Amino acid sequence: MRVVSMVPSWTETLLKAGVNVVGRTRYCIHPPKMITNIPIVGGTKDVAWDLVTDLKPDIVLLDEEENPLEMAEECPLPMLTTHVSSIETLQKELVKLGEYFENPTLMELAVDCLDILEKPTPKFNQNKIPGFMEWVKMPTQEYNKVVYLIWKKPWMAVSKETYIGSVLNKLGIQVVEFPEGEKYPVIELEDHQDALCLFSSEPYPFAKKISDLKALGVEGAIVDGECFSWFGVRSIEFLKRNL
């Protein structure tokens, strides 16, 4: 079956499962050696449907959180959609994809995901942060919650209602509470001085802006954003290592 995947996390997962991915987005960068010869047909928010059509796919794979509604509405080809918003929904979607592609590796990943959900939640240790890359400023006090930053100008965080939030929660990391429905709230850093800041390496390149962050004097660390946000095989392996 020929698949055009417009979801980076799924592209990596399908390729590692042996599914025939024939088209991808420019953000589908994993696995590096396997994506090299797969044509790019757009991004996660835009797509050139003529390029997709030329590839003669049997199915176009989209995700409700990753791709805009307009992309699904305009898709001129057979389409399969997922909606991954938590570890729980990831497990269900892996089962769906495993059955659809008749792929045992995807079904095994669904079992791994279920095992993760059933594991006890560890106690958060701010000195051993999963996905840790570099300290912006080491904490001088004990924190019992974090604010996870994904953007600057304006500062944007994630809530517990997101996939990232579910990963943090499973790791025993309490996320700052935001009003219901605000998945990616715009915030002021000074309003959250009682929380440890975790600066994600993506989508904003905080790891490359470490000197700017240090100048702010906020306590926190840079973390590997791919581990927290790339649902599928990458985050499953990450959680298995840290639970």
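Per the Debye formula on identical point scatterers at the alpha carbon atoms of the chain, with no solvent, log10 I(q)/I(0) at q = 0.12, 0.16, 0.17 Å⁻¹ is -0.71, -1.16, -1.26.
Normalised by the number of residues in the chain, the mean separation of alpha-carbon contacts (under 8 Å, six or more apart) gives a relative contact order of 18 percent.
As a test, work out the antiparallel percent of DSSP beta bridges whose residues both lie in the chain, rounded to the nearest 5.
30 percent
Overall, the chain carries a charge dipole of about 900 debye about its Cα centre when +1 sits on the Cβ of Lys and Arg and -1 on the Cβ of Asp and Glu, all other atoms neutral.
The order of the peptides 182-188, 120-126 by mean Cβ neighbours within 10 Å, most packed first, is 182-188, 120-126.
Within the range 2-83, antiparallel bridges make up roughly 10 percent of the DSSP beta bridges whose residues both belong there.
What does the extension gain come out to for Leu114 and Ile40, with contour length at 0.36 nm per residue minus their alpha carbon separation?
Contour length minus the Cα-Cα distance gives 23.4 nm.
Note on Asn125 and Lys152: the extension gain reaches 7.1 nm, defined as 0.36 nm multiplied by sequence separation minus the Cα-Cα distance.
Near Glu134, the amide H atoms lying under 5 Å from its own belong to Ile222; only residues 5 or more places off or on other chains count, and H is placed 1.01 Å from N. Every helix of 4 or more DSSP H residues in the chain counts as -39500 (n - 2.57), and over all residues that averages to -9500 deg cm²/dmol at 222 nm.
Annotation: aspartates and glutamates with alpha-carbon distance below 16 angstrom to Lys153 (same-chain offsets under eight excluded): Glu188, Glu190, Asp191, Glu202, Asp212. Using the Karplus relation 6.51 cos²θ - 1.76 cosθ + 1.60 with θ = phi - 60°, the per-residue 3J(HN,Hα) values for the range 183-193 come to 6, 10, x, 7, 10, 10, 4, 5, 7, 10, 6 Hz, with x marking Gly and Pro.
Values in this text are rule-based calculations from the coordinates and carry no lab data. Keep in mind it's a predicted model, so treat the numbers as computed, not measured. Heads up, the Cβs are rebuilt from the backbone with ideal geometry, glycines too, and the neighbour counts pull from every protein chain shown.
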